[in-house]
1. What FRET efficiency would be calculated for the residue pair A:ALA13, A:ARG237, taking the C-beta separation as r and a Förster radius of 22 Å, to the nearest 0.05?
2. Could you sort the residues of region A:82-97 by number and keep only those whose accessible area is reduced by 40 Å² or more in the all-protein-chain setting relative to the chain alone, 1.4 Å probe?
3. Just the number, please: buried accessible area between A and B, total of both chains, 1.4 angstrom probe, nearest 100 square angstrom.
4. Which ³J(HN,Hα) values in Hz, rounded to whole numbers, follow from the phi angles of region A:22-38 under the Karplus curve 6.51 cos²θ - 1.76 cosθ + 1.60, where θ = phi - 60° and Gly and Pro get x?
5. Once you have the alpha carbon radius of gyration of chain A, what is it after dividing by 2.2 N^0.38 Å, with N set to its residue count?
6. Roughly what would the spin-label model give for A:ALA301 and A:ARG78, points 7 Å off Cα along C-beta, in nm?
7. Using modelled amide H (1.01 Å from N, peptide plane; none on Pro or chain starts), what sits under 5 Å from the amide H of A:ILE217, excluding residues fewer than 5 places away?
8. Give the accessible surface of region A:238-324 per residue, rounded to a whole number of Å², with probe radius 1.4 Å and ligands, DNA and RNA excluded.
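The values are calculated or read from the model by the stated rules, or taken from the named source; none is laboratory data. Note that the coordinates shown come from a computational prediction; the quantities given were computed from them, not determined experimentally. When we count neighbours, we look across all protein chains shown, and the Cβ atoms used for this are built from the backbone with ideal geometry, even at glycine. With ligands, DNA and RNA removed, areas are computed over all heavy atoms of the protein, side chains included. Shrake-Rupley method; radii C 1.70, N 1.55, O 1.52, S 1.80 Å.
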Amino acid sequence: MNSATPATTESAAPILRLQNVDKLFGDFVAVERVNLDIREGEFFTIVGPSGSGKTTLIRMLVGMDKPSDGNILLRGTRINDVPANKRPTCMVFQSLALFPHKTVGQNIEFPLKIRGVPPAERRGRCERLLQQLHLPQDYYGKAVGKCSGGEQQRVALARALAFDPEILFFDEPLSAIDYRLRKALEKELKDIHRETGKTFVYITHSLEEAMVMSDRIAIMRGGRVVQVGTPDEIYNRPRNRFVSEFMGEVNVLEVARDGDRLRDGASGALLQGPAMPEGFTKGFLVIRPEAFRFLNGTADATPNRLEGRLYNEYSLGSRMQYQVHVGGGVFLVEKLREQRYQGQLDDSVTIGWDPAEAMLFEE
Amino acid sequence: MGALTTSPLMKRLLAVWIGAILVFLYLPMAAIALASFSRQRYFRFPVPRFDTRWYEDAFTSLSVRDLLWTSLTVAAIVTVISVVLAFLGALAFARYDWKGRTIYQKLLLLPIFFPQAVLGLALLLWYSALGIPTSWMTAVFAHLVWILPIATLVISIQVYGFNPAWEEAAYDLGATRWQVFREVTLPVLWPGIFSGALFSFLLSWGNFPLSLYTTGADSTIPEWLYAKMVSGYTPLVPTLGTLTTVGAALLLLGAYATIMLVRRARRAEDGG
């Protein structure tokens, strides 16, 4: 577990439990046999590419859809058939779904108005939420359409917090925001999570985004949960090639067993990999760009050496990335800027890596 | 801008062109208004002497009062029915995806493409075949056949811009189905419903061909105007014509004022 994560009691009963949840649309299986335990107070993120079933899943968790089979338990009580407006949970929508005919204040106060909270009390709660989310107080009477993208995010979050949900769901609310603002809002959201201590369940297609915010991450593919773990676990011990590739740019080598070594299909090189699983014949060797080193002569004793040509160089700010061509294969190599390669394009270079730093998958 | 900037000469020509269009469009209406103030019994232009006697006649005449009342009743009933049906119809037209939707969208628009004179005759034939006596009530139905599709289209435009997530969000935040409708659906679609109502009223108020066939012994203002033009012109024709136009204009202004007031009230509702 991440050392900076607030302590959660592992043994405590989960606030939300999914047991063998299925969702079928006709013959199409959108969600299949999903089992998950979400703990009280954690920031839990469900990550998957489009079509992985994550949106279908969250719609069932919120109460907008019913599972075809299985159980959804909120603090041990089955809530499959409880409609969304009777559940003590709410969601921040992908489109934010701010009411266009209401002001910022009226949007935030909406759940309180529905509950019959008197206007004066509503106003007080709204003002505190505006303050908590760093929105100016005079935004109270502002039309939501006149707010910027980032401000609308905060208004949507304030409205959901005004509901005071037991679990707050997020359906990719940051996906339409430009990169820099998104990075800032990710951190802000994690801060809000700390301040409120509420259980957040977030879905996104970006593992990078999930990594920044989450206590734990579930990765979905084709309607199934592929792996659940902390960001550290997902990063260091991805369960399969899909998860490792989902993390970002990696080098994937199609390899076959050759004695106690691996033969790379593209370059024909004989490589030494990490420990092979029982009965391994062929699979994929995944190497992160930062695992590579540029080798000088034979001083470095690594058994994995590939000779190639430096084809191109990309500056990524604090890091430098290189494209190296080895036979028919293309490799991405990444170095910190201070450790950048000293030389020119088209140089002959030798790259190498430690066998233990690569990951081997059968599928 | 560059290539898109217009030279001063082009600007002047454009102004002349727009002015010509306005004169062409509005001069005839101004002529009618002037004629209504004429002393003469016959329609002559320019008007030799001005007088307001025809307006006095119009306001005191019982038959004019009947005409106004018939036109108003028909238009009001058409408006109410068409707004309710067109609102539901617009949801089916633009909001929900259902099996017969494309066919429905095409069938609904069919009456608009029929010449109204033909539509009126067809309805009259039906009424007599079914033995329904024609009156202002059968005219209400005839108007609806033609106006309902238009009102549906007008409201649909608003419905197309409606994000279903607004309703889902309200529901998710604890609102009942009725609260969702009252707090979100209706207020968001309100401008569309409002313009649908205006269209319905004005199209019924000014309708001639459908009324001609289907009002039976009753008569609306446009019918009466036509009848008097064909046989027995009186200066009441331009007078009533002007009055109905002014009435329609007042309705539009009133509607605009209402929208402004509602907007202001909404903003002030929670002290914003």
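1. Efficiency computed from Cβ-Cβ geometry: 0.25.
2. When all protein chains are present, A:ASN85, A:PHE93 each give up 40 Å² or more of accessible surface.
3. In total, this chain pair buries about 2300 Å².
4. Whole-Hz 3J(HN,Hα) from phi for region A:22-38: 10, 9, 10, 10, x, 8, 7, 8, 7, 9, 10, 6, 8, 10, 8, 10, 10.
5. This ratio for chain A stands at 1.19.
6. Each label point lies 7 Å from its Cα, and together they span 6.3 nm.
7. Residues meeting the amide H criterion: A:THR45, A:GLY229, A:THR230.
8. That works out to 51 Å² per residue.
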